[in-house]
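Working notes, beginning with the structure itself.
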Amino acid sequence: MARIDIDDIGPRLAAPWLPTPLTRLDPSVDPDRLGGVHVWIKRDDLTGPAGGGNKARKLAYLLADARRQGAAAIVTVGAAQSNHCRMTAAMGAAAGFEVHLVLAGDKPDELTGNQRLSALLGAQLHFSGADDRHWGELEIQAEIVVDQLRADGVEVYRIPVGGSTPTGCCGYVAGFIELMQQCHSLGVSPTAVLHASSSGGTHAGLLAGSAAWRTLGHDTPAIVGVGVARGVIGGLPDIAELANATLQLAGLPGTVSDDDVMVDGRWIGDDYAVPSTTGDAAIVWAARNAGLILDRTYSGKGFAGLLGGLDEREWTAGQEVVFIHTGGLPAVFAPNGSPVG
Ligand SMILES: *Cc1c(COP(=O)(O)O)cnc(C)c1O
């Protein structure tokens with residue numbers, strides 16, 4: 001099999017636990033619903049210490065870049081229960097950085113879920129009072145924190161929402177190659193790869209990896225981002241542009257066109273970070289039929305996209321589909337974090 005060497009994609013920290021497992025849903029559990037489709041779960045909820053999730057792959061490249069630039073502090077932003085912020089706190093601590101997190105919302109009486117972990121990991125939490133859905137406001141608040149640190153003579157590395165820069169996206173170029181090599185050794189040829197998408201970096205990285213993989217003559221699956229934030233459903237960021245910038249940065253061949261970018265916008269419900277009926281039903285199904293824990297903002301809605309495709313018989317018996325479990329478990333322990341209990 002022609003290969004791309006993951007080590008050639010760029011410098012990264014060795015922190016994430018890779019490769020993550022690729023496991024198949026038991027075909028004897030709810031066979032009517034599976035309809036003979038082979039459903040594989042790429043366990044990117046198990047990428048690392050402190051709860052894991054898709055952000056670990058991006059942060060491996062982002063923090064290596066921060067170190068190369070001589071930064072001492074990392075400043076990033078996120079929703080109140082940001083998994084990205086929690087993983088930045090964890091991997092930042094392990095790499096010796098001072099970590100500042102600008103979060104949506106006000107300081108609660110008691111820290112829970114991801115916030116509790118971020119504080120335990122030693123990050124400084126800056127509560128912005130901003131709405132969970134107004135990422136632009138968070139970025140403005142982050143600039144104030146950056147200015148203060150710089151005024152104190154601290155070298156700062158700034159990571160935007162979700163870590164979705166070309167550097168961060170390299171994590172999912174590597175993630176795609178890892179998945180294809182795993183599929184090859186298991187004799188699996190997926191028709192589609194689905195995942196929850198919000199800041200677009202996971203999607204762009206996977207598409208970049210897929211474009212590079214195609215240049216080696218391999219078949220590639222459709223890559224479907226199940227939109228869980230309004231921006232990504234409305235075309236922000238431009239996924240093809242981000243993917244092509246990532247290919248350029250990684251020095252890889254291939255091009256991603258707009259036609260390659262598939263976003264399923266039907267599963268967001270009312271809005272980002274607002275629980276949805278289909279997402280909640282997917283969380284309960286996954287827990288009780290697969291022992292998987294999904295969250296209400298991301299992976300639950302993403303899995304609703306997978307179940308929706310199965311219910312609509314989008315794939316035929318014998319076809320293989322991969323769902324990337326992007327994580328989110330700590331949010332289950334935040335108030336209102338689960339449809340049950
Ligand atoms: C951030 C996140 C996503 C979305 O990934 P993007 O690269 O920002 O689109 C999906 N699932 C979980 C659990 C996340 O934390």
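The values are calculated or read from the model by the stated rules, or taken from the named source; none is laboratory data. None of these values were measured; they are calculated from a predicted model. Note: ideal-geometry Cβ built from the backbone for every residue, glycine included; neighbour counts use all protein chains shown. Note: accessible area is taken over every heavy atom of the protein model, side chains too, but ligands, DNA and RNA are not part of it. Shrake-Rupley method; radii C 1.70, N 1.55, O 1.52, S 1.80 Å.
A few comments on the model shown:
- For the stretch 105-120, the candidate set comprises residues that are touching a helix residue (DSSP H, G or I) at 6+ places or on another chain (Cβ under 6 Å) and within 16 Å of the ligand (Cβ to nearest atom); within that set, the residue that is farthest from VAL145 (Cα to Cα) is GLY113.
- Looking only at residues in the stretch 214-234 that are outside any helix (DSSP H, G or I) and open to solvent by 60 Å² or more (accessible area, probe 1.4 Å), the one that is farthest from the ligand (Cβ to nearest atom) is GLY217.
- Against the test of being farther than 23 Å from LEU306 by Cα and either open to solvent by less than 20 Å² (accessible area, probe 1.4 Å) or β-branched (Val, Ile, Thr) (or both), the options LEU13, LEU34, LEU18, LEU62 yield a single qualifying residue, LEU62.
Yes or no, residue by residue, for (1) assigned to a strand (DSSP E or B); (2) in contact with a helix residue (DSSP H, G or I) (Cβ under 6 Å, 6 or more places away or on another chain):
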site: ARG57; (1), (2): no, yes
site: GLY70; (1), (2): no, no
site: VAL77; (1), (2): yes, yes
site: ALA80; (1), (2): no, no
site: MET91; (1), (2): no, yes
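- Options ARG266, ARG230, ARG288; residue that is touching a residue at least 40 places away in the same chain (Cβ under 8 Å), within 28 Å of LEU25 (Cα to Cα) and not aliphatic (A, V, I, L, M): ARG266
- Selection status of ASP270, modelled with pLDDT of 95 or more and surrounded by fewer than 17 Cβ atoms within 10 Å (Cβ to Cβ): yes
- Residue match in the stretch 324-335 (condition: of a type in the set (Phe, Trp, Tyr) and more than 18 Å from the chain's Cα centre (by Cα)): yes
- Check on ARG214, basic (Lys, Arg) and either more than 17 Å from the chain's Cα centre (by Cα) or within 21 Å of LEU22 (Cα to Cα) (or both): yes
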